[in-house]
Amino acid sequence: LFNTLECVNMLAINGGRNDISAIVKSLSHILRYVISRNTIVCIGEEIKALESYVEIQKARFGDLFSVDFELDTTLFGVGMIKFILQPVLENAISHGMIHAKQGNGKILITLSCYEEGVEFRIADNGAGIPPEKLKELKAALISDSDEPVSSSGGIGLKNVYKRIALYYNGRGSFEIDSEPEKGTTVTIRLPFDIEI
């Protein structure tokens with residue numbers, strides 16, 4: 001697979017298609033990250049994979065929305081379970097930004113410190129979630145059932161929620177706040193003391 005991607009990359013470069021080359025490189029980086037055996041990674045690695053995902057989405061959606069990062073880079077060496085931010089960002093794009101007017105959609109990803117660990121926030125100014133649907137979503141996340149969290153079949157958020165609960169023994173947190181027509185914010189808190 002990686003040899004094939006490198007072949008596509010070379011064809012793109014030889015054809016003067018640097019845009020395609022950039023997408024192939026981002027995809028290759030994400031694939032390597034996902035299939036690596038490490039379950040625990042440095043925050044910096046998780047952010048790099050997220051940035052690669054953003055590059056692919058920019059190519060797909062153009063200027064429909066922007067993604068900005070406000071990151072405390074001093075926390076990049078802290079350990080965390082891998083691949084928990086991408087499903088949240090994917091959700092923000094597919095549900096929050098789907099009806100954005102050209103250039104009006106905004107997603108802000110922040111990384112900061114709190115007393116016992118790190119806090120990630122992924123906030124969008126998109127469609128938001130009606131109160132009843134938000135209540136159902138929160139109930140589905142904490143449910144022991146393996147059913148998807150919505151009729152559209154989504155399991156990404158539930159997987160993130162369960163992995164945080166499992167790896168951090170209930171000390172991590174995953175919260176969703178939303179208001180229709182104003183947007184959604186997902187806040188993830190992870191304690192410092194996980195071994196890399």
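The values are calculated or read from the model by the stated rules, or taken from the named source; none is laboratory data. Just so it is clear, the model here is predicted, and its values are computed rather than measured. A quick note on method: Cβ atoms are made from the backbone with ideal geometry, for glycine too, and the neighbour counts reach across all protein chains shown. Please note that ligands, DNA and RNA were not included when accessible areas were found on the heavy atoms of the full protein model with its side chains. Shrake-Rupley method; radii C 1.70, N 1.55, O 1.52, S 1.80 Å.
Using Cα atoms only, what is the angle between the long axis of helix 2-14 and the major principal axis of the chain, expressed in degrees (0 to 90) to the nearest 10?
Roughly 50 degrees, rounded to the nearest 10.
At 0.36 nm per residue, minus the direct Cα-Cα distance, what do ASP19 and CYS113 gain on full extension? Give it in nm, one decimal, please.
30.3 nm
Please go through the residue pairs LYS82/LYS133; LYS106/LYS158; LYS25/LYS135; LYS58/LYS182; LYS162/LYS182; LYS101/LYS138 and name each one whose alpha carbons sit more than 30 Å apart in this structure.
Check vs 30 Å cut-off fails for LYS25/LYS135.
Probe radius 1.4 Å, ligands and nucleic acids left out: which of LEU50, LEU166, LEU31 has the largest accessible area, and how do the rest follow?
Solvent-accessible surface, decreasing: LEU166, LEU31, LEU50.
Counting other Cβ atoms within 10 Å of each Cβ, which trypsin sites (Lys or Arg not before Pro) in region 167-196 have at most 14 and sit in a DSSP loop?
Passing sites in region 167-196 are LYS182.
Excluding the sites themselves, what is the longest stretch of the chain that contains no GluC sites (Glu not before Pro) in a DSSP loop with at most 14 other C-beta atoms within 10 Å?
With GluC sites (Glu not before Pro) excluded where exposed in loops, the chain gives 1-114 as its longest stretch.
Loop-only check: which trypsin sites (Lys or Arg not before Pro) in region 32-124 are DSSP coil with at most 14 other Cβ within 10 angstrom?
Sparse-neighbourhood loop trypsin sites (Lys or Arg not before Pro): ARG37, LYS101.
Go ahead and run the numbers for FRET between ALA139 and GLU181, Cβ-Cβ distance against an R0 of 22 Å, rounding to 0.05.
Plugging the Cβ-Cβ distance into 1/(1 + (r/R0)^6) gives 0.45.
Accessible area, 1.4 Å probe, largest first: how do TYR161, TYR33 sort?
TYR161, TYR33
Run lengths n ≥ 4 of DSSP H only: what is the helix-derived mean residue ellipticity at 222 nm for the chain, with -39500 (n - 2.57) per run over all residues, to the nearest 500?
My calculation for the chain gives -13000 deg cm²/dmol from helical runs alone.
Roughly speaking, what is the centre-to-centre gap between region 26-51 and region 75-134 when only Cα atoms are used, to the nearest Å?
Spelled out, the Cα-based centre of one part sits 17 Å from the other.
How large is ³J(HN,Hα), in whole Hz, for each residue of region 105-113 in order, when computed from phi with the Karplus curve 6.51 cos²θ - 1.76 cosθ + 1.60 and θ = phi - 60°, using x for Gly and Pro?
Computed from phi, the couplings for region 105-113 are x, 9, 10, 10, 10, 10, 10, 9, 10 Hz.
With a 10 Å cut-off between alpha carbons and a GNM built on the chain, which of GLY172, GLY126, GLY117 moves the most?
Its mean-square fluctuation being the largest, the pick is GLY117.
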